[in-house]
Amino acid sequence: MSGQIGSTARRLGSRLADAIVTMPVSRWTWQGLAEQGYKGELPDFRPADRDAVRDMMSGRYLLASKLIETGGTSPFSVDVDFPDWWNNLQSFSWLRHFREVRDPGEKLFARTLVLDWIGREGKFDPESWSLPLTGQRVLNWLRHLPLLLNGATADQAKTIQRSLGTQVQSLKVRGRLATDPVDRLFAAMGVLGAELCEPQETANIEQRLVQLDAILAEQLDDEGLHKSRNPRIQLNLLVELASLRQAANRYGSPTFVALSHRIDRMHEALDAVTLSSGEPAYFNGCGQVPHDILVAVQANGPTPQRRSRILGGYGILRSGRAVVIADSGLRPPPGYDAEVHAGALAFEFSFGSELILGSCGPAPSDMPETRDLFRQAIAHSSPTIDDEDASAPVKGRKAKQISVPDMELVPSEHTLTVGSIGYADRFGAEIERRLTLLGDGTTLVGQDRLVATGTPNGHLSIRFHLAPGISVQAPVGEGMRRLTLPNGEVWSFLWEGATLRQDDSVRQSAYLGFHRTIQLVLEADLALGLEVGWILTREHG
C-alpha cells in the first residue's frame, strides 16, 4: 500500500512540475535556450509516395487511411473528429513523401506547411505539443531539414531553426517529468535526434545515447518486447530507433553497441508477434498498422527467427506456413497498462498470406464510448464463462493484480498449453486451453478443458472471430462448418462436446474502418469433466 501511495505522489508531483514548466513565464526559458543551428539530416527508410504529394497540393490529405479534403485551406485549420488523422498530421510523418521531389513548387509547398504550423501551433499547446507528437515532429523535421531550408529566405530558415530548438528544449525539460513511459521514450529519442544534427563542437551524443539506452532498458522485457505488450507501440518505437541507429552508427560510441543490440532484440520481438499474413496480432491495443511501414522497419532489422517460442506472455507456434499467436493474459505493469485488453487464452491464426481467426481489435479512436467493449474477452477468439473476463473482480471486492501461470510450450510437438486464473472464485473452475499444429500447419487442434476448483457453475462460450471476407457454409447432415477464405482455400471446422451457433462480429481497422465478419461460438454448461474439442483443417483439392 505504501508503494502505491508513493507512486501516486510521484505522478502528482511530476504533473504539477510539468504544469509549472509549461506556464507562459517558464516557456520563455525554452526560447532563450533554443538558438541552435541544426545541420545535416537523419536517414529516413520509410517509403515515399509521389501521388501523396500531388494529392496534398490539391487539398486532399489521406492520413491514417482517412481522406480529408480541405478545399485549398490549411490542413492545420481544419476541425476534424478523427484523432488518428490529426495525430498523423501533427507528427509530420507525411513529410517523407516530399523526400525525392525535385520540383521547386513542391519543395515550397512542404516548407509552407511547416511555416504554417509554426504560425498556428508554434506556441505551446498541451495536445499538439504532447511529448510523443513533439518527439516525432522534431525527428521528421530533422530527417528533411535540407528540403525545408534549401530555398528558404534567411527569416524563414531562422524561424524553422528557432521552432526546432524550442521544441527540442521542451523535450529536454518535460521529458524528465513525464509519468508515462512511452512519453519519456519519445522525448529521449527526439533529443538524441537533435544532438545527432547539432554541429560537432556542441554535440553531446554519448550522453544522449546513455540516457536513451537506460530508458529503453527499463521499458523492455528480457527478450526485447515493450512492457505494454502492444505490438503497435513496438512498431512506432522502432520507426524512430532504426533511423537513429543509422545516424549514430557514424560515431565510435561504446554505448552504441549495447543500444544497437537492444534494438535488434526489439526487431526480433516484433517479428515474433507478427502473423504470416504480415500483420501483428490484435492484442493489448494493437490494431492494423501500415503494412508498408512494417515491411520497411523489418527490412532494417536482423534476419527473422521464424520459430516457436514464448515471449512476453505470448505463446507463438510456427509450423510450415501456419502461425498461431496466443495470449496468456499477462497484465502489463502499472504505467504500461493504459491499453490493456482481456486477452487471456485468446489466439490468432494465419496460414500463408491469409488471416483465418483473429480478434475484433481496439475501439475506433473516434468512438471512445466503445473503448471498454472492445477490451473485453468476448472481443477475442477465446473461451469465457458467462461472457466475463477472467481477470474481472469479484462483485463487492476491489480489483487486484492477478498472476498468470506459465505457458507450456513443446516445440517438437508444436503444442502450447495455457490456463486461466481468475474464474475460480466466481464459477468454481478454471479453463485450460491446448493448441496443437499438425501436418505442417494445415491442421489446428484445440482442446478447452474445465479444471474444477469447487462445484462448477456457469456457461462456457468459446468464440472464434473469423477474418474479413471468410464465408461459412453448413453442409446438410454434417456436424461441421466449411470456411471459404478470400483466396479460395477451404477449411473445415469440426467440434465435439458443445453446441455451435453462428453470430455477427466485426474487425476494426484504424485504416479501413469496420469490417463486418462472422463468429462461430461453441457453448456448453459447466460440469465436472467438461472438455470441448475442435479442429480447423485445410481441405486439399
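The values are calculated or read from the model by the stated rules, or taken from the named source; none is laboratory data. This is a predicted model, so every value here is computed, not measured. Cβ atoms come from the backbone with ideal geometry, glycine included; neighbour counts cover every protein chain shown.
Data overview
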| quantity | calculated |
| --- | --- |
| Residue within the range 145-157 that is of a type in the set (Val, Ile, Thr), in the same structural domain as residue 41 (by TED's automatic domain parsing) and more than 22 Å from residue 45 (Cα to Cα) present | yes |
| Unique match (being outside any loop (DSSP other than H, G, I, E, B) and surrounded by fewer than 17 Cβ atoms within 10 Å (Cβ to Cβ)) among 494, 416, 450 | 494 |
| Failed criterion for residue 123 (all others in (1) out of contact with any helix residue (DSSP H, G or I) (no Cβ under 7 Å at 6 or more places or on another chain); (2) at pLDDT 95 or above hold) | (2) |
| Hey, residue 298 under 20 Å from residue 374 (Cβ atoms) and not acidic (Asp, Glu) or not | no |
| Residues of the range 275-313 classified as within 17 Å of residue 380 (Cα to Cα), under 15 Å from the mean Cα position of the chain (by Cα) and not aliphatic (A, V, I, L, M), total | 9 |
| The one condition in (1) surrounded by fewer than 19 Cβ atoms within 10 Å (Cβ to Cβ); (2) more than 20 Å from residue 523 (Cβ to Cβ) that residue 426 fails to fulfil | (2) |
| Filter pass, residue 503 being loosely packed, with under 15 Cβ neighbours inside 10 Å and outside any strand (DSSP E or B) | no |
| Any pair with Cβ under 9 angstrom, 6 or more apart, that starts in the range 210-239 at a residue that is over 16 Å from residue 261 (Cα atoms) and ends at one that is aromatic (Phe, Trp, Tyr) and part of a helix (DSSP H, G or I) | 236/186 |
| Which listed residue is surrounded by fewer than 16 Cβ atoms within 10 Å (Cβ to Cβ) and in the same structural domain as residue 172 (by TED's automatic domain parsing), from 123, 107, 66 | 123 |
| The listed residue being farther than 21 Å from residue 244 by Cβ and at pLDDT 95 or above, out of 95, 113, 171 | 113 |
| Candidates 293, 385 - the one that is in contact (Cβ under 8 Å) with a residue 24 or more places away in the chain, touching a Phe, Trp or Tyr at 6+ places or on another chain (Cβ under 7 Å) and either assigned by TED's automatic domain parsing to the domain that holds residue 62 or not acidic (Asp, Glu) (or both) | 385 |
| Cβ pairs under 7 Å, 6+ apart, first in the range 111-128 and farther than 16 Å from residue 149 by Cβ, second basic (Lys, Arg) | 124/27 |
| Residue list for the range 53-86, restricted to those being within 13 Å of residue 109 (Cα to Cα) and part of a helix (DSSP H, G or I) | 53, 54, 55, 56, 57, 75 |
| For residue 509: the one exception among (1) modelled with pLDDT under 95; (2) closer than 25 Å to residue 531 by Cα | (2) |
| Residue list for the range 368-393, filter: over 20 Å from residue 328 (Cα atoms) and within 18 Å of the chain's Cα centre (by Cα) | 368, 371 |
| Checklist (1) more than 23 Å from the chain's Cα centre (by Cα); (2) of a type outside the set (Ser, Thr, Tyr); (3) at pLDDT 95 or above applied to residue 203, failing item | (3) |
| Unique residue being touching a strand residue (DSSP E or B) at 6+ places or on another chain (Cβ under 8 Å) and modelled with pLDDT under 95 when the list is 273, 289 | 289 |
| Within the range 140-155, considering residues that are in a helix (DSSP H, G or I), of a type outside the set (D, E, K, R) and touching a helix residue (DSSP H, G or I) at 6+ places or on another chain (Cβ under 9 Å), the one farthest from residue 241 (Cα to Cα) | 149 |
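To keep it simple, each residue is scored yes or no on (1) on the phi > 0 side of the Ramachandran plot; (2) acidic (Asp, Glu); (3) assigned to a helix (DSSP H, G or I).
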| site | (1), (2), (3) |
| --- | --- |
| 127 | no, yes, no |
| 134 | no, no, yes |
| 157 | no, no, yes |
| 168 | no, no, yes |
| 173 | no, no, yes |
| 177 | no, no, no |
| 182 | no, no, yes |
| 217 | no, no, yes |
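Each row is one residue, and each column tells you yes or no for (1) under 27 Å from the mean Cα position of the chain (by Cα); (2) modelled with pLDDT of 95 or more.
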| residue | (1), (2) |
| --- | --- |
| 9 | no, no |
| 16 | no, no |
| 24 | no, no |
| 32 | no, no |
| 39 | no, no |
| 42 | yes, no |
| 75 | yes, yes |
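Table: residues versus (1) farther than 20 Å from residue 227 by Cα; (2) buried (at least 24 other Cβ atoms within 10 Å of the Cβ).
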position: 320; (1), (2): yes, no
position: 323; (1), (2): yes, yes
position: 329; (1), (2): no, yes
position: 350; (1), (2): yes, yes
position: 353; (1), (2): yes, no
position: 361; (1), (2): no, yes
